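*Asks:* To start, I am sharing the structure in question, which I have written as structure tokens.
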Amino acid sequence: MMSMKTWGALILALLLVVSEAYSKDLDLAGKAGIFEVRVRINKNPPILGKNQMEIDIGDSGGRVTDASVMVNYYMPPMPRMAPMNYTTKADLKGEKYRVTMDLIMAGPWIIRVLITRDGKRATAKFNIDAQ
């Protein structure tokens, strides 16, 4: 039989492991035409409400900081539900683009990062599950 001290230590260790797993950012990577796109969301899993997103875009020449970047996030259509589809401009801060997504419902969401540079457009698509 385990002592109370052993149980306490076991519970504390379990809480630390669980909180560490939920405190890390969600990192996603994909391609958009010639661009490598890395997305980091400050919550893993993303939550209902405001989630901060950081977007790093690169090509063969290095980091891309001269593009226009829009983020479109939406929930796939469901019967008898109003569409949930939002688009917002990402602002360049340093060498990364930043945007806030306000997820209003738990479940699957699709994020499209729309990049326009030199008159050409490219799109990277990511799937997340908000909780």
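The values are calculated or read from the model by the stated rules, or taken from the named source; none is laboratory data. Just so it is clear, the structure is predicted and the values come from calculations on it, not from any experiment. Every residue, glycine among them, receives a Cβ derived from its backbone with ideal geometry; neighbour counts consider all protein chains shown.
*Asks:* Please name all residue pairs, on different chains or six or more residues apart, with Cβ atoms under 7 Å, provided the first residue is in the stretch 29-54 and is in contact (Cβ under 8 Å) with a residue 24 or more places away in the chain and the second residue is crowded, with 17+ Cβ neighbours inside 10 Å and part of a loop (DSSP other than H, G, I, E, B).
*Replies:* F35/V64; N51/K43
*Asks:* With farther than 16 Å from V64 by Cα, exposed (fewer than 14 other Cβ atoms within 10 Å of the Cβ) and at pLDDT 95 or above as the only criterion, which of T116, T87 stands out? If you could, list the steps in order and put the result at the bottom.
*Replies:* Details: T116 fails: farther than 16 Å from V64 by Cα.
The conditions single out T87.
Residues checked against (1) closer than 13 Å to N51 by Cα; (2) in contact (Cβ under 8 Å) with a residue 12 or more places away in the chain; (3) in contact with a Gly (Cβ under 8 Å, 6 or more places away or on another chain); (4) polar (S, T, N, Q):
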| position | (1), (2), (3), (4) |
| --- | --- |
| M78 | no, no, no, no |
| N85 | no, yes, no, yes |
| K96 | no, yes, no, no |
| M105 | yes, yes, no, no |
| P108 | no, yes, no, no |
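*Asks:* How many residues are assigned to a loop (DSSP other than H, G, I, E, B) and surrounded by 14 or more Cβ atoms within 10 Å (Cβ to Cβ) if we restrict to the stretch 49-64? Can you show your working first?
*Replies:* Here is the first cut: in the stretch 49-64, the residues assigned to a loop (DSSP other than H, G, I, E, B) are 60-61, 64.
With the extra rule that they be surrounded by 14 or more Cβ atoms within 10 Å (Cβ to Cβ), the set shrinks to 64.
Selection size over the stretch 49-64: 1.
*Asks:* Right, next: Kindly provide the set of residues from the stretch 66-79 that are surrounded by 15 or more Cβ atoms within 10 Å (Cβ to Cβ) and part of a loop (DSSP other than H, G, I, E, B), ordered by number.
*Replies:* A67, M75
*Asks:* Which number in (1) loosely packed, with under 12 Cβ neighbours inside 10 Å; (2) among the aliphatic types (A, V, I, L, M); (3) part of a strand (DSSP E or B) marks the one condition that A82 misses?
*Replies:* Unmet for A82, out of (1) loosely packed, with under 12 Cβ neighbours inside 10 Å; (2) among the aliphatic types (A, V, I, L, M); (3) part of a strand (DSSP E or B): (3).
*Asks:* Something else: Can you tell me which of (1) of a type in the set (A, V, I, L, M); (2) assigned to a loop (DSSP other than H, G, I, E, B); (3) in contact with a Pro (Cβ under 6 Å, 6 or more places away or on another chain) is the one I128 doesn't meet?
*Replies:* Only one criterion in (1) of a type in the set (A, V, I, L, M); (2) assigned to a loop (DSSP other than H, G, I, E, B); (3) in contact with a Pro (Cβ under 6 Å, 6 or more places away or on another chain) is unmet by I128, namely (2).
*Asks:* Taking the options P76, P46, name whichever one is closer than 16 Å to I128 by Cβ and at pLDDT below 95. Step through it out loud before you land on a result.
*Replies:* Numbers: P46 fails: at pLDDT below 95.
Testing whether each residue is closer than 16 Å to I128 by Cβ and at pLDDT below 95 leaves just P76.
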